[in-house]
Amino acid sequence: MRLTFLLALLPTLALSQSPTTSPAPRPEDLSTVTGHITCADTQRPARLAKVRLVPVKIPDDSDFNNEFGVFREDLPSVQTDLSGAYTLRNVSAGRYYLSIDFPGYITPLLGFTGDQLLKPTPKIQQRIQHELQIVTVAAHSTVQADATLRRGASISGTITYDDGTPAPQINIALLRRPDDKGEFQFAGDSGFLQPFTDDNGHYRISSLPDGVYILQATVFLSEERLKTVSLRGHKIQVAQPWLASTLFVYSGDALRLRDAEPITIEGGHAVLDIDITIPISKLHQVSGTLLAKDGHPINDGSIQLLYADDRSPLNHTRVNSDGSFNFLFVPEGNYILSVKDPQDIAIDDTTGDPSDDPEAHPLHTYGTLERPLAVQTDQQPLILTLPEKPATTASDQSTTP
């Protein structure tokens with residue numbers, strides 16, 4: 001099953017003007033932007049390319065600078081016709097980036113992060129002026145804006161398991177370093193993402209500008225869980241998707257991002273045979289149960305596996321209603337098992353709307369727990385007895401005026 005609820009985390013790139021920041025323009029002030037899009041390598045029209053305008057003046061919008069560095073798409077877009085022509089109507093006056101998405105060709109705006117566009121350094125400002133096409137629209141006017149697309153590079157390879165079998169339906173994503181000193185960040189748009197490997201484990205990602213990348217292959221294990229809801233006076237069970245476990249493997253067969261082998265693209269060339277092997281023979285299961293001192297299971301809490309050397313997270317999960325927890329795909333190594341916010345709760349799972357989350361009513365809270373964990377093979381289930389939560393003292397409750 002394709003995890004469409006996870007792919008929603010990777011929206012396409014665009015910006016929007018907030019409807020609360022300025023009054024709606026009068027219809028007589030709206031303008032038209034028209035033009036032709038051509039492919040540089042073929043000198044032929046870019047047929048059925050997607051064209052949109054992205055405001056240069058970026059509003060104060062919390063959705064803009066999110067953790068993926070990608071943007072909402074609220075402004076309407078159009079496709080070019082079979083001659084490569086497009087027309088965008090009802091455009092408000094302002095300055096815009098002209099953004100064109102066409103398979104195999106570079107979308108220059110994708111080469112910039114939200115922070116770079118919001119607060120460009122002098123070097124980034126030079127890149128913006130050189131790489132991005134700005135369209136200035138006056139009120140009640142028609143603006144001609146033609147563009148030529150440059151074919152991008154590509155990365156391709158095969159994902160296999162370490163027993164030699166191909167790995168189909170593996171999510172593939174790229175992280176890109178925005179500059180020489182920057183940290184790698186997810187690159188979001190369709191030109192940067194081949195959602196899953198094919199039935200032979202092959203993938204290919206195109207439309208890439210020159211730069212330094214890291215490839216990330218993600219193994220998703222999902223299941224469906226039944227939820228009881230009340231609908232029109234009747235209790236029914238509804239199956240809902242549940243992400244059971246994930247595993248990330250990076251270019252160079254690294255299991256941690258810090259150990260990944262970067263991929264350098266220069267001159268727009270195709271980079272072949274960037275293969276990844278998923279080491280199933282070195283992956284193990286860690287499971288267990290949370291108990292109170294009187295022996296009853298604790299039915300809520302968050303559990304993390306942290307790398308012991310730097311406390312960076314490997315994975316996290318929630319406690320099941322019977323107090324159990326389970327981590328799959330745990331690589332061999334040394335970890336810290338961290339239990340946070342453990343509590344007994346009562347669940348009201350009879351809401352009238354099947355899409356509603358069940359209501360949880362806390363009954364009793366417990367203290368946190370951390371313990372070292374060495375994983376070299378599948379572990380016997382752990383029994384973790386949690387301490388009582390320390391009593392809150394008067395000094396803990398005081399605040400500084």
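Inspect region 236-245 for any residue being under 19 Å from the mean Cα position of the chain (by Cα), at pLDDT 80 or above and in a strand (DSSP E or B) and give the result as yes or no. Yes, that holds for at least one residue.
Looking only at residues that are outside any strand (DSSP E or B) and under 17 Å from the mean Cα position of the chain (by Cα) in region 192-229, which one is modelled with the highest pLDDT? Filtering region 192-229 for residues that are outside any strand (DSSP E or B) and under 17 Å from the mean Cα position of the chain (by Cα), the one modelled with the highest pLDDT comes out as Pro195. Restricting attention to region 245-280 and to residues that are among the hydroxyl-bearing types (Ser, Thr, Tyr) and in contact (Cβ under 8 Å) with a residue 40 or more places away in the chain, the residue that is farthest from Gln304 (Cα to Cα) turns out to be Thr264.
For region 112-129, the condition of being of a type in the set (Ser, Thr, Tyr), under 13 Å from Ile37 (Cβ atoms) and surrounded by 15 or more Cβ atoms within 10 Å (Cβ to Cβ) holds for none of the residues. Can you say whether Asn320 is without any contact (Cβ under 8 Å) to a residue 40 or more places away in the chain and either out of contact with any helix residue (DSSP H, G or I) (no Cβ under 7 Å at 6 or more places or on another chain) or farther than 23 Å from Ser154 by Cα (or both), as far as the supplied structure shows? Yes: the conditions hold for Asn320. Annotation note: Cβ proximity below 9 Å between a residue of region 139-168 that is in the same structural domain as Gly268 (by TED's automatic domain parsing) and without any contact (Cβ under 8 Å) to a residue 40 or more places away in the chain and a residue that is among the β-branched types (Val, Ile, Thr) and assigned to a strand (DSSP E or B) (sequence gap 6+ or interchain) occurs for Pro166/Thr158; Pro166/Ile159; Pro166/Thr160; Pro168/Ile159. Residue count for region 137-168 satisfying the condition of being surrounded by fewer than 16 Cβ atoms within 10 Å (Cβ to Cβ) and in contact with a Phe, Trp or Tyr (Cβ under 8 Å, 6 or more places away or on another chain): 2. So, of the residues in region 73-96 that are crowded, with 21+ Cβ neighbours inside 10 Å and of a type in the set (Ser, Thr, Tyr), which turns out to be nearest to the chain's Cα centre (by Cα)? Checked region 73-96; the qualifying residue nearest to the chain's Cα centre (by Cα) is Tyr96.
With respect to the stated conditions, Val249 is surrounded by 15 or more Cβ atoms within 10 Å (Cβ to Cβ), under 20 Å from the mean Cα position of the chain (by Cα) and farther than 27 Å from Pro342 by Cα.
The values are calculated or read from the model by the stated rules, or taken from the named source; none is laboratory data. Here the structure is a predicted model, which is why all the values come from computation and not from measurement. With ideal geometry, Cβ positions are generated from the backbone for all residues, glycine too; neighbour counts draw on all protein chains shown.
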